[in-house]
Amino acid sequence: MTTTYDVAVIGAGQAAVPLAGALGKAGRRVALIEEAHLGGSCVNFGCTPTKAAIASARVAHVARRAAEFGIAIDSVRVDFPKVIQRARRIVSEFRAGLDKALASMSNVEVVHGHARLEGRREGRFRISVGEKRIEAAQVVLDTGARTRVPPIEGLDAIPFITSESWLEHDELPAHLLMVGGGYIGLEMGQFYRRMGSEVTIVNAGDQVAGHEDREVAQALQEILEAEGIRIVLDAKVAALRRQGAKIAADVEAAGKRTRLEVSHVFIAAGRQPNVDGLGLDSVGIAPQRDGSIEVDARLATKVPGLWAAGDIRGGPMFTHTSWDDYRILESQMLGDGRRTLDRVVPYAVFTDPELGRVGLTEAQVKKDGRAYRVGRFEMRNDGKAREVGETTGFIKVVVDAETGLILGASVLAAEGAELVHEYVQLMNAKVPWSVMANAIHIHPTLSEAVQSAVSAIPSA
């Protein structure tokens with residue numbers, strides 16, 4: 001028996017759930033198909049549990065610094081299983097909230113299982129979910145992404161951790177080898193170090209956080225190294241093998257191979273879209289070289305009625321861009337036809353201090369050949385930062401020399417993920433940096449540093 005819907009949403013990530021609710025409210029009959037848990041990577045193993053765990057790590061870190069504030073704490077003991085349990089509990093609470101929200105949605109049916117496209121018939125997409133058969137006039141793909149596992153000799157013979165599986169591990173690694181120095185590698189590397197692990201990060205590129213401004217990346221590296229994390233650049237893990245209770249890792253760098261003995265391996269070498277087994281070929285779609293599905297500014301594929309959202313559609317892989325994808329798709333299907341053009345996409349690296357980022361780096365602006373100016377401010381010169389003992393980091397903002405419009409900003413500071421939004425709002429409003437420079441900020445606040453950075457932009 002075949003069940004017919006107006007829209008089938010495959011994958012229940014951050015775009016899918018609110019989109020299903022909006023379409024259902026508008027009277028469309030919607031099938032929301034999910035193989036595992038609702039909420040996608042963010043709720044189940046990404047944003048939600050990692051930030052919960054990072055919060056625990058920060059408490060331990062601040063407690064170790066207590067003497068700086070005139071407070072005596074004799075010792076700090078980490079109960080790692082309880083840290084993990086707390087993160088799991090918060091995930092469970094979020095999942096329960098999603099279940100409750102979906103139960104209240106009209107015209108939305110949740111279908112559990114792996115969905116596979118099986119061509120089209122009479123203008124409708126055919127989909128199999130196990131033994132269930134579905135037809136829908138339109139299909140939205142929101143299947144997310146997973147860890148890209150590099151070809152390392154011996155990797156398949158050892159248990160390794162990924163961003164999808166870390167929450168399953170109650171044992172604190174004695175020595176963690178982090179393969180990859182991108183955003184996940186840096187965040188989780190610092191987390192495990194603050195929990196008490198020895199951590200070595202091996203990165204293929206010549207800087208950590210390879211997409212960032214070089215001086216920002218250098219500062220991040222120095223911050224992590226000051227906490228005892230070893231970082232090896234321009235290197236690769238060539239081989240892994242069991243050596244008793246430990247793992248022997250051969251690391252190649254500068255033409256030499258060295259041997260490390262570690263207890264655990266965490267693979268954080270990039271992400272790849274989940275397109276496996278979707279049956280894309282049955283509707284005439286082939287993934288791009290990076291595994292993503294090509295879409296236009298409407299998030300439409302080349303096949304009419306087939307849309308893609310979130311990590312699978314290429315471009316920024318962030319929860320907030322996935323959520324904005326929902327707004328674009330809702331407007332395409334029900335409203336005024338919003339597009340992805342000109343959207344300002346900020347993001348953050350949740351190390352401590354955090355890196356809040358938006359727009360272009362100085363190197364990117366320079367490559368474009370555009371005349372620009374730079375404002376820079378060290379956090380140690382901000383009054384509030386000194387008062388609360390959070391003086392590490394700096395702010396760097398790049399503006400167009402002619403228009404004064406902000407082209408990009410890096411906020412490496414305590415609460416950097418919050419502070420960067422001041423620049424985001426100016427960029428969305430398309431107003432020059434002078435608007436912020438002439439505003440009044442509360443004193444003492446960390447946001448004064450955001451203003452101080454633009455005030456440091458040379459006038460000519």
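The values are calculated or read from the model by the stated rules, or taken from the named source; none is laboratory data. Just so we're clear, the structure is a prediction, and the values are computed from it rather than from any experiment. Ideal geometry is used to build each Cβ from the backbone, glycine not excepted, and the neighbour counts take in all protein chains shown.
Which of the residues spanning segment 314-340 are acidic (Asp, Glu), in a helix (DSSP H, G or I) and more than 24 Å from residue 291 (Cα to Cα)? Once the filter is applied, which keeps residues that are acidic (Asp, Glu), in a helix (DSSP H, G or I) and more than 24 Å from residue 291 (Cα to Cα), segment 314-340 yields only 330. Among the candidates 13, 70, 39, 46, the residue that is of a type in the set (Gly, Ala, Ser), out of contact with any helix residue (DSSP H, G or I) (no Cβ under 9 Å at 6 or more places or on another chain) and either surrounded by fewer than 18 Cβ atoms within 10 Å (Cβ to Cβ) or touching a residue at least 40 places away in the same chain (Cβ under 8 Å) (or both) is uniquely 70. Say we look at segment 341-392 and pick out the residues that are among the hydroxyl-bearing types (Ser, Thr, Tyr) and outside any strand (DSSP E or B); which of these is farthest from residue 189 (Cα to Cα)? Top of the filtered list is 361. For segment 238-286, a residue qualifies if it is assigned by TED's automatic domain parsing to the domain that holds residue 117, outside any loop (DSSP other than H, G, I, E, B) and without any contact (Cβ under 8 Å) to a residue 60 or more places away in the chain, and exactly one does: 281. Applying the criterion of being charged (D, E, K, R) and crowded, with 17+ Cβ neighbours inside 10 Å to the residues of segment 319-341, the residue that is nearest to residue 25 (Cα to Cα) is 330. Under the condition of being touching a strand residue (DSSP E or B) at 6+ places or on another chain (Cβ under 9 Å) and either assigned by TED's automatic domain parsing to the domain that holds residue 183 or more than 29 Å from residue 444 (Cα to Cα) (or both), the residues counted in segment 369-399 number 3.
Criterion applied to 34, 68 was being within 21 Å of residue 311 (Cβ to Cβ) and either of a type in the set (Asp, Glu) or at pLDDT below 95 (or both), and the one residue passing it is 34. Going through (1) in contact with a strand residue (DSSP E or B) (Cβ under 8 Å, 6 or more places away or on another chain); (2) hydrophobic (A, V, I, L, M, F, W, C); (3) under 19 Å from residue 3 (Cβ atoms) one by one, residue 105 falls short only on (1).
If the condition is being touching an Asp or Glu at 6+ places or on another chain (Cβ under 9 Å) and either crowded, with 24+ Cβ neighbours inside 10 Å or not assigned by TED's automatic domain parsing to the domain that holds residue 94 (or both), then segment 18-36 contributes 19, 23, 30, 31, 32.
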